[in-house]
Amino acid sequence: MVTGDVHAWANVGDVRRRPTIVEACRGAHIASLAGGYGHTAVVPADGAEPFSTTMPAVRALAGAGALRELAFGKEHVLALTAEGEVLTFGKGGWGQLGHASMSDAPEPRLVRKLADRRVARVAAGALHSLALAESGDVYSWGRGFEGQLGHGDGLDEAVLSPRCIAGLRAAGRVVAISAGSMHSAALGADGRVWAWGDGTSGQLGVGKLLTKAPRPLLVPNLPPCTALSCGYMHTAVAAGVDGAWCWGLGTHGQLGREAAEPNRRFALSPSRVGGALADAHVVAIECAGGSTTALDADGRVHVWGDGDAAPSQIAALAGAGRFGAIASSGKGTLGLVQTSLSHTAPTCAPLAGGSKIRVFGWGFYDRRAPDGVSSIVVRFARAAQTGGAGVDGAGAGGSGGDDGGGGGPTLCSDVPGWIEAPRPNATAADGVSSEQRNALRCVEAIVPALGALEGVVDVSVSFDGGDSFTPAPLALHAVAQPHLVAVDPPLVPVGGGSGGGALLLADAPIFNAAEVVARLTPHAAPRDDAPDGAPGDAADARSRGSANALELLNPADDALSTRAQPRWRRTGDMLLRATYDEPSGGFFIDLSEVPAPLVGSISLALDGVTFTDSSCELTVYAPPVVTRLAPASGPLSGGTVMSVFVETYVRTTTAAVRLSTLVGAREGGAAVNGAPPPPGTTGGAPAAAAEAAAARAPPLAAPAVESAPAGADAGVDDAQLEAGAEPLALTLAARMGEDGERPGGGVLTFTVPPNALGETPAVFAIAVSLNGVDFTPVAPGAARFFAHGELAVSALQPSFGPPTGGTTVRVSGGPFFETSEARAKVHAGASMRVVPAVYERASRALEFVTPPWDAAEHGGVSDPIVEVSLNGADWTIWCTHFTFVQWELLALEPPNALPGAALKLRGANFAAAAGAPAEVRVRFQVTLADGEQIVEKIVGGTYDSADGADGAVLVEAPLFDGLPGAVARVTLALNGVDYAPGARDFKFDEPKGSKKK
């Protein structure tokens, strides 16, 4: 007596691919299934009426007590009771009812001839009947013209009462019988098969056609068999590991092969069924009129015939469970899946209990009491444990136990359960496939406390209030909740980064649970003050594949900045996929579908429901976009403190910067960073190949910088880059801070280590990472840094000037190049002035304008040191002095003279020109008669240090054509650039002999 799911399907055409569950039999105590001559029935074991949609007359057996079997003839029925009695009813014109007459019996009647013999099996042919006694004797009655009764004495035309087949006693003990239309067969305990009756289609399997075989004949050439069945005009047996064998009529493919005997419609001898059944272990077999159905040891159903000779499985039964019995007729087949368990979801539960478990299986039912109380009980039990080993070696167990050591269960808790139908959207997390949803049922229960030790708990279910439980329990892992300690990396870019996610780690290895899920809970508080029409106001940032999500109202904003708080609308936590990582003993959390930046806490539920009390903070950030680099150059020797500015500030301690060498100064003939190439130069080799080689880490899918960042405009001469520079990729830790000039922006600061950039000037691409793992791509347009050789100042021209400042000074030395970051520093100890410097392309020198310099404010120093820098941070090692001095023209000798005369200029502080390479300049300015126009001539002078204490400047009076007798205003630029205050008049004498008109 069993319970279970009864599946029904038709044998003909495509309909057989759409089986259905007979809901009317759910929860019924089933003794067996019956089929034959177009009829099928479910035989109850508890005295209830049999269920049949094709023969309502079987309901008449409801008062016959508990039944064991039914057998259908063409127009009569045999019923075998649990006490071994045989009842028959229906047509009796050939004596097939066994009532010693040919009368019909509309109501079931006892076959009295068998009343004193306990019957084990019954079978029905078209017009004859068989019974197998527990003693092993076989009885037959009804029509016998074709020899189907097996008595062999010429009295087989019609036998009205059961008669023992004496010819079978030589076969030994018979264990199974079957009846075809006009033939019969029996299976001996030794596995041999005997057949008799009509053999006109080879259905007796003796190698020849027989019109009639009135006595049982041994079927040769068969392996030991375990089951047999007779169809209309064919026979089949199950031979265990030797598969299935068929013989007889094969016109419909019911023999499992394309053709029977050559040029015939039938097979005279048994042959093994091949195809998909060739290697199957067959345990049961059923013949119908033109089809055959077999059951293998794994509970799978195989069918062939009715036009298709190739054995195949019914796809729709793939998830229906393990079949234990089948019964077939000419029109349809029944299959029984015994009440059994499939799996639990989840497969683990916390030791503390309180979580919900779902137990899946087949044949579930609920016999509710009149008061509505469910009959379902779920039992949790496990044997004694003496150690503290974790589940499957994962996780540390607790100490102590429920009982201690000895036999008997340390846990046996029964809790009420209830049935839940499978959800239409059942997922793999439930372990439910699409094929199983129609058949699989679910019992839910609340897990009790499971003791102190991790281990395996057996779960079984009772559907009768606890009187009996399912025989094969399921394993449930009782686990302690892990204590989470870290997520690695703690920052991950949107999209999951190069690894697609992060590792979640505990203080001990975590149990590898199949249903584990991670939960990401944002820290951002909801805000509803987003202005209407703000960028991204209605953006849908829900995570795909999760019923729980977050919606970011302003994804364009910096979701992590302390200045620009994100606007989140909470719609629930985000559930994420988790995969066990054996090397670390943790779980890899898939972050590829987190849609927008956020800061939150991540926790874990091993059972998919009960989340850990502990959690770890995780930041999901937008891939950084570099906006500018300062400085854009620095010495190869290192020491440069660099700042990389990015669009978004993220709080992190794992930021890093990678410098990758670009071999060649130019890309496509244009200077790196967008500066035009110097005159007379040509572009170097393209750097694309070097860029690719330098990109050691997988890039993020971040938008590329479309133009060179501000400040990164070093125009590097080809001559400053040597061919064959070795590729280099240098990764450095960086400190993340907020950009004080751009709200929401960030800046990564790091120092170039000493002597780490090689020995050859080179251009480096800058990539940044906020988690030390995922770097921005090295792509055209990315930030560039030029590492140059050591700078030196060899000379200043001029080397002195007035303290009022404004002197344009050219700095010789270098090597210099064009950059907007160049600076000059004029300093005396800690007192200094820094001014911009400009690269002069023609001379490849730097120029700067001196600042005002009051020596009293600078410690009395009037000749401060001058240093230059190409990045405003790293200054030249070799330097020189610039002297601030104010000279003044006091006298001009003579005050008048002819053009070309030698003049001597005297004044104060002329000694500053001593030894200076600058050329002295003297300016003569003549104002014309209209008082507005000025004619000017500048001539070079020579400083004579031997003439007086301050020396003198010697100059030759210029010639002003057409202006004889003119008076010129004379000023002096002692350094050749700055004309000092103070001037003297000089009158040009008229040559002798000239006359005024």
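Nothing in this text is a laboratory measurement; each read-out follows from the coordinates by a stated rule. As the structure is a prediction and not an experimental result, all values here were calculated from the model. When we count neighbours, we look across all protein chains shown, and the Cβ atoms used for this are built from the backbone with ideal geometry, even at glycine.
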- Kindly provide the GluC sites (Glu not before Pro) of the range 750-828 that DSSP labels as loop, not H, G, I, E or B, and whose Cβ sees at most 13 other Cβ atoms within 10 Å. E759, E790
- Item | Separation of alpha-carbon centers, the range 291-345 and the range 743-773, rounded to whole Å | 68 Å
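Kindly identify the range 246-322 as rounded, prolate or oblate by the Cα gyration tensor criterion: order the square roots of the eigenvalues as a ≥ b ≥ c, call it rounded if a/c is under 1.5, otherwise compare a/b with b/c, prolate if a/b is larger, else oblate. Walk me through the numbers on the way to the answer.
Working: a/c = 2.36, a/b = 1.91, b/c = 1.23.
Cα axes put the range 246-322 in the prolate bin.
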- Note on the structure: Projecting the Cα atoms of V159, G202, G243 onto the charge dipole of the range 152-261, where Lys and Arg contribute +1 and Asp and Glu -1 at Cβ, the residue farthest towards the positive end is V159
- Reduced to Cα centres, the span from the range 173-238 to the range 612-635 in Å works out to 82 Å
- What is the pair-distance distribution P(r) of the range 848-967, computed from all Cα-Cα distances in 5 Å bins starting at 0, with each bin given as a whole percent? 2, 9, 14, 16, 15, 13, 10, 9, 6, 4, 2, 0
- Task: Determine, for each peptide in 602-610, 307-315, the mean count of other beta carbons within 10 angstrom over its residues, then list the peptides with the highest first.
- Result: 602-610, 307-315
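What net charge is computed for the residues neighbouring T627, neighbours being all others with C-beta under 11 Å from the C-beta of T627, Lys and Arg scored +1, Asp and Glu -1?
Charge balance in the 11 Å sphere: -1.
For the range 165-297, rounded, prolate or oblate, judged on the Cα gyration tensor with a ≥ b ≥ c (square roots of eigenvalues), a/c < 1.5 rounded, else prolate if a/b > b/c?
Here the range 165-297 falls in the oblate category.
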- Given a cut-off of 26 Å, name the pairs among K91/K113; K904/K987; K825/K937; K904/K937; K825/K904 whose C-alpha atoms lie farther apart than that in the structure shown. K825/K937; K825/K904
- Message: Which three numbers, in whole Å and largest first, are the semi-axes of the equivalent ellipsoid of the range 823-883 derived from its Cα gyration tensor as √(5λ)?
- Response: 22, 12, 10
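When only DSSP loop residues count, what GluC sites (Glu not before Pro) in the range 906-994 have their Cβ near at most 13 other Cβ atoms within 10 Å?
Loop-located and lightly packed - E932.
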- With a ≥ b ≥ c taken as the square roots of the eigenvalues of the C-alpha gyration tensor of the range 436-477, please select rounded if a/c is under 1.5 and otherwise prolate if a/b is larger than b/c or oblate if it is not? prolate
- Note on the structure: If every Lys and Arg gets +1 and every Asp and Glu gets -1 at its Cβ, then about the Cα centre the range 1-112 yields a dipole, in debye to the nearest 20, of 280 debye
- Note on the structure: I766 neighbourhood, Cβ < 11 Å, K/R = +1, D/E = -1, net charge +3
